[in-house]
Amino acid sequence: MRLLPAFAAAAAVAVLAPGAAAASSAPVRFATAHGTFTAGAPGAPAVTYRPDLVPAGARAHVVSLSAAATGTSTTLVVSGLRPGRAYGAHAHARPCGTTGDAAGPHFQHAPDPVQPSVDPAYANPRNEIWLDFTTDRLGTGFGRSTVDWTFGARRAKSVVLHETPTHTDPGHAGTAGARLACLDVGF
Ligand SMILES: [Cu+2]
């Protein structure tokens, strides 16, 4: 597992901060995942469902740091995608599978009692982890999310790349077109 220096330093500071909770309460959680997207490989940790938009061989990295004092900060780095293109991306509730639907709904800190959730009161980037990005001319992109909460007993299990930037209007909030690819992430 490779740790990005900035995140590792932040984790160390959080652990050593005066007044931090005892280690047994796990005040800081650090998660990383990376993978090379493959097509037609059931059980693979990084799978593309649309090789025309997320080519086999494209790569994704996710780094997520959770601490009670700071919330949860997540960074997605992708490479090998279509150049100059806007993609949606979110943390989802279930692991990747043979189809995009396997990843289930978006992880929500406060679950919407109405599913599928398209209410901006719940489907928003403060209650969900949104990682939308636009690729540069080489097909590289960066998505970032910071929320003020940490995971409890429920945790997100994957990051899904979507066809379009994420909508925010009532009735469509949180939707972003087709599910293109999925990376398992142990948040
Ligand atoms: Cu999504």
TODO: Compute the convex hull volume of the Cα atoms of the chain, divide it by the residue count, and report the result per residue in Å³ as a whole number.
DONE: 115
TODO: For the chain, give the magnitude of the charge dipole about the Cα centre (Cβ charges: +1 Lys/Arg, -1 Asp/Glu; no others), in debye to the nearest 20.
DONE: 480
TODO: For region 84-183, compute Rh as the Kirkwood radius over C-alpha pairs and then the Stokes-Einstein diffusion coefficient at 20 °C and 1.002 mPa s; write the answer in µm²/s, rounded to an integer.
DONE: 157
Task: Under Karplus coefficients 6.51, -1.76 and 1.60, residue-wise ³J(HN,Hα) of region 162-168 in Hz, glycine/proline x - done: 10, 6, 9, x, 6, 6, 10
TODO: Rank HIS61, HIS92, HIS106 by mean-square fluctuation in a GNM of the chain with C-alpha springs under 10 angstrom and give only the top-ranked residue.
DONE: HIS61
Open item on the list: Could you work out how much longer the chain between SER79 and GLU163 gets when fully extended? Use 0.36 nm per residue separation minus the Cα distance between them, nm to one decimal.
Closed with: 28.7 nm
TODO: Compute the signed sum of charges (Lys and Arg +1, Asp and Glu -1) over the other residues within less than 14 Å, Cβ to Cβ, of SER158.
DONE: +2
TODO: Rounded to the nearest Å, what's the spacing between the alpha carbon centres of region 141-185 and region 82-130? Just the number, please.
DONE: 4
TODO: Using only Cα atoms, tell me the angle between helix 5-16 and the longest principal axis of the chain; keep it within 0 to 90° and round to the nearest 10.
DONE: 30
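Each reported figure results from applying straightforward, stated rules to the coordinates on display, with no laboratory input. Keep in mind that this is a model prediction, so the values were computed, not measured. Heads up, the Cβs are rebuilt from the backbone with ideal geometry, glycines too, and the neighbour counts pull from every protein chain shown.
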